[in-house]
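I have placed the structure first, in the form of structure tokens, so that the comments after it can refer back to it.
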Amino acid sequence: MKARRNKKQVPSFRKLLKTSKVKLENKLKNKQFKQQSTLKKYRKEQRKLRQAVKDAVSKRPVPLEDPKKKRPGKRIEREEEEEEEALPLDMMDEDDLQLMEDLGQRASFLTRDLSSSEPVHARKRKHEHVMDKYEKIPRTLQTVPEKELIHLLPIKDKSGIIPQTREKPVIDSNQDEENQEEMELEEEIIEDPIRELTIEEHLFERKKKLQEKKMHIATLASAVLSDPESNVKKLKELRSMLMEQDPDVAVTVRKLVIISLMELFKDITPSYKIRPLTEAEKSTKIRKETQKLREFEEGLVSQYKFYLENLEQIVKDWKQRKLKKSNVVSLKAYKGLAEVAVKSLCELLVALPHFNFHNNIIVLIVPLMNDMSKSISEMCCEAVKKLFKQDKLGQASLGVIKVISGFVKGRNYDVRPEMLKTFLCLRIKEVEVKKDTEVINKPKKFMTFKEKRKSLSRMQRKWKKAEEKLERELREAEASESTEKKLKLHTETLNIVFVTYFRILKKAQRSPLLPAVLEGLAKFAHLINVEFFDDLLVVLHSLIESGDLSYQESLHCVQTAFHILSGQGDVLNIDPMKFYTHLYKTLFKLHAGATNEGVEIVLQCLDVMLTKRRKQVSQQRALAFIKRLCTLALHVLPNSSIGILATNRILMHTFPKTDLLLDNESQGSGVFLPELDEPEYCNAQNTALWELHALRRHFHPVVQRFAAHLIAGAPLEGSEALKPELSRRSAAELFEAYSMAAMTFNPPVETSCPKRKDKVIQGDSFFNEDLNQLIKRHCNEVATHLPLDFTKCLKTSLR
């Protein structure tokens with residue numbers, strides 16, 4: 001009996017949730033079909049009733065006697081009727097009486113002739129059965145109307161002329177009547193037309209509907225947030241609003257529901273992954289609280305799954321430009337819906353990397369990173385970057401990297417460069433990747449009881465036991481992943497990244513992905529295995545020499561090469577003179593126009609090439625670079641000049657003997673050759689930094705300050721020393737800080753407004769005392785008017 005009871009259990013919440021959209025549509029169709037069939041039956045009955053009334057009024061009932069028998073005159077009939085009517089019931093037989101009562105009950109009101117008061121069964125004879133009389137009446141078969149023929153053109157054959165005819169189609173009068181009655185009913189229904197609303201009334205109605213929907217969404221969401229375990233079923237009700245059919249508010253309501261559900265799932269989702277229960281776990285008896293928690297987790301996972309499927313369907317409909325049958329949402333509105341759906345997927349990708357279906361979200365997001373729509377592509381790339389930056393362990397990053405690598409290979413490297421630029425946000429630099437041959441430090445093991453008994457005393461064993469217990473509790477409280485696991489994940493991620501980079505270097509050297517690849521190699525070059533260094537340097541140099549690269553791409557090649565050599569490459573005995581020569585030769589390609597942005601990469605390259613490799617750099621090379629950088633500072637933008645002068649300051653501190661460039665006297669033999677592309681042989685020691693005097697009169701105040709500082713020998717103290725906000729920043733930071741990308745002066749020019757004076761000086765106070773006395777004396781003298789004689793002056797001029 002117990003087993004039978006267990007079989008007839010109430011269906012679980014998960015089964016109740018499996019009511020699909022198809023079932024709901026089928027139920028709606030069946031309901032409509034039933035209503036239509038009921039309406040048709042009602043119309044048919046009404047039609048039959050009207051026909052019966054017409055027949056009863058227009059026709060007389062068919063008598064049950066033989067119609068061929070001659071009827072007596074009217075007089076005889078009237079006499080017989082009078083006799084039968086006058087015949088009392090006492091004189092009738094019991095059989096006849098019973099028969100008349102039965103026939104009176106069965107007689108229909110509609111089959112009688114209403115024009116006369118003649119009884120229906122007036123001419124019945126005694127002991128004569130009605131059914132026998134009815135059987136004697138001859139049957140009149142319904143005459144089939146003759147079919148009319150239409151004569152067509154004859155056909156001529158070998159045998160002769162064959163006439164051709166066709167039957168004229170017979171129009172069914174009953175069907176015409178039905179159609180006419182249906183049209184009449186429809187006209188009756190459409191008698192009261194709906195009044196057309198004005199634009200203002202329509203907008204008011206839409207606003208009212210939208211407010212009602214918003215209140216409904218807010219009510220459901222607040223109920224779920226207040227008690228998620230009890231109200232998890234309301235998620236289904238909220239999700240059903242994604243199928244809103246009202247065309248006035250459908251798009252807005254669907255967007256609101258998508259955002260609301262996304263925020264709900266972010267809030268109520270637990271911080272662990274929910275796994276399906278095993279058969280053994282389902283069969284065991286548990287407490288009510290545990291059962292309630294299980295039902296909540298089951299419902300949450302199923303609703304989360306359905307929600308993600310809805311978002312995927314919205315994006316697919318937009319991509320395929322597919323219009324639904326309901327025609328509620330237009331094709332133009334699908335893009336707005338798709339953008340909201342993609343935004344929700346991006347939020348869930350970043351917020352719930354630990355929860356179920358995270359890999360499914362990754363598979364949806366990665367192809368959208370290469371979408372034609374720039375807004376959607378940027379949205380997905382930003383979400384992936386954010387995920388990489390916050391992923392400390394590396395599990396989620398590994399999943400994304402695998403999907404991106406497969407997608408790039410599947411598209412034959414024809415993807416947006418932004419996809420590969422997301423690799424730069426990986427947090428692998430925090431962990432040192434070791435060689436495969438090196439043994440990774442194993443985690444600390446606790447001593448066994450036998451080892452403790454051999455080496456420790458009783459008191460020491462007691463203290464050791466307490467110490468080990470405390471360490472275990474600390475490990476559980478921290479809940480931190482072991483270094484070994486993190487190292488394994490990061491190593492696997494790096495392998496996939498480098499495989500992608502090397503494939504592009506090998507197969508797609510002219511691809512627009514090359515700058516992103518070179519930039520990534522420059523960032524992770526110190527983590528590459530030493531075995532690949534020689535081959536990678538050869539590939540980079542061949543790319544530079546090919547001439548197919550742009551200037552920035554060649555700079556990335558140089559930067560990658562020196563990052564390789566500055567890490568584990570210090571062990572190798574490689575002289576990268578060809579990379580120094582290439583950078584020295586191409587420095588003058590920078591100017592105040594389009595290539596000004598390349599100055600930042602040049603500053604990073606100079607830091608790696610000269611400052612960090614100071615022991616491998618000769619004095620001649622350092623002098624040549626300082627001289628060329630000062631010349632370059634004359635014809636670039638102010639922020640670039642500041643960065644270049646900051647680099648020269650660092651180089652003068654790194655190589656103290658370079659201060660001879662501040663002296664006019666030449667050192668050694670030879671003449672400076674500025675047009676020579678070899679920094680080692682251009683005789684830079686025989687020149688001076690005259691460019692600093694020109695930069696000292698620059699319009700930018702910071703450039704003036706740096707030029708004066710370098711002329712004084714770049715002192716660390718004194719009046720010519722730099723302020724801390726300038727001296728503590730690197731060259732790249734100064735380049736960004738004083739950028740003029742906003743098309744304004746940075747720092748802004750001070751306004752020269754005149755100082756307002758409190759007192760206005762009037763009269764004598766403008767002049768000194770001597771001048772005042774002279775003015776008074778001339779004013780007091782009496783003016784004597786002498787006659788003017790111009791002839792004297794004329795005579796003297798003629799002489």
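The values are calculated or read from the model by the stated rules, or taken from the named source; none is laboratory data. Since the model is a prediction, treat every value here as computed from it, not as a measurement. Here the Cβ positions follow ideal geometry from the backbone for every residue, glycine too, while neighbour counts run over all protein chains shown. These accessible areas exclude ligands, DNA and RNA; they are computed on the full protein's heavy atoms, side chains included. Shrake-Rupley method; radii C 1.70, N 1.55, O 1.52, S 1.80 Å.
Which entries of LYS305/LYS386; LYS27/LYS48; LYS27/LYS234 have Cα-Cα distances beyond 30 Å here? As for pairs spanning more than 30 Å Cα to Cα, those are LYS27/LYS48.
If you sort HIS526, HIS556, HIS151 by accessible surface, 1.4 Å probe, largest first, the order is HIS151, HIS526, HIS556. Evaluated at q = 0.14, 0.20 Å⁻¹, the base-10 log of the normalised Debye intensity for segment 310-388, with identical point scatterers placed on the Cα atoms, takes the values -0.45, -0.84. Suppose R0 equals 60 Å. What FRET efficiency, 1/(1 + (r/R0)^6) with r the Cβ-Cβ distance, do MET459 and LYS488 give to the nearest 0.05? E between MET459 and LYS488, to the nearest 0.05, is 0.90. Derived scalar couplings between HN and Hα for segment 529-542 equal 5, 4, 5, 8, 5, 4, 5, 5, 5, 5, 5, 5, 5, 5 Hz in order, rounded to whole Hz, by the Karplus curve 6.51 cos²θ - 1.76 cosθ + 1.60 (θ = phi - 60°), x for Gly and Pro. Accessible area per residue was computed with a 1.4 Å probe on protein heavy atoms; ASP535 scores about 100 Å². LYS292 contributes an accessible area of around 90 Å² to the protein surface, as traced by a 1.4 Å probe with all chains present.
In a fully extended conformation the segment linking ALA333 and GLU678 would gain 118.0 nm over its present Cα-Cα distance, using 0.36 nm per residue. Maximal additional length on extending the LYS585-THR611 stretch stands at 7.4 nm, based on 0.36 nm per residue less the C-alpha distance.
Between ASN360 and ILE286, the FRET efficiency from the beta-carbon distance, with R0 = 30 Å, is close to 0.50.
What is segment 323-430's relative contact order, in percent, from Cα pairs under 8 angstrom and six or more apart in sequence?
Averaging sequence separation for qualifying contacts and normalising by length gives 25 percent for segment 323-430.
Within the set of other residues whose C-beta is less than 14 Å from the C-beta of GLN32, count the net charge using Lys and Arg as +1 and Asp and Glu as -1. The answer is +4.
Just reorder ARG461, ARG628, ARG287 by solvent-accessible area, largest first, 1.4 Å probe, all chains present.
ARG287, ARG461, ARG628
Over 19 Å apart at the Cα level, from the set LYS316/LYS343; LYS523/LYS612; LYS389/LYS421; LYS319/LYS389; LYS213/LYS236, are LYS319/LYS389. The 1.4 Å probe gives accessible areas that order SER566, SER159, SER405, largest first, as SER159, SER566, SER405. Taken one residue at a time, the phi angles of segment 221-227 give Karplus couplings (6.51, -1.76, 1.60, θ = phi - 60°) of 5, 5, 5, 5, 5, 5, 8 Hz. Gly and Pro are set to x.
Applying 1/(1 + (r/R0)^6) with r as the Cβ-Cβ distance of ALA712 and ASP548 and R0 = 45 angstrom yields a FRET efficiency of 0.50.
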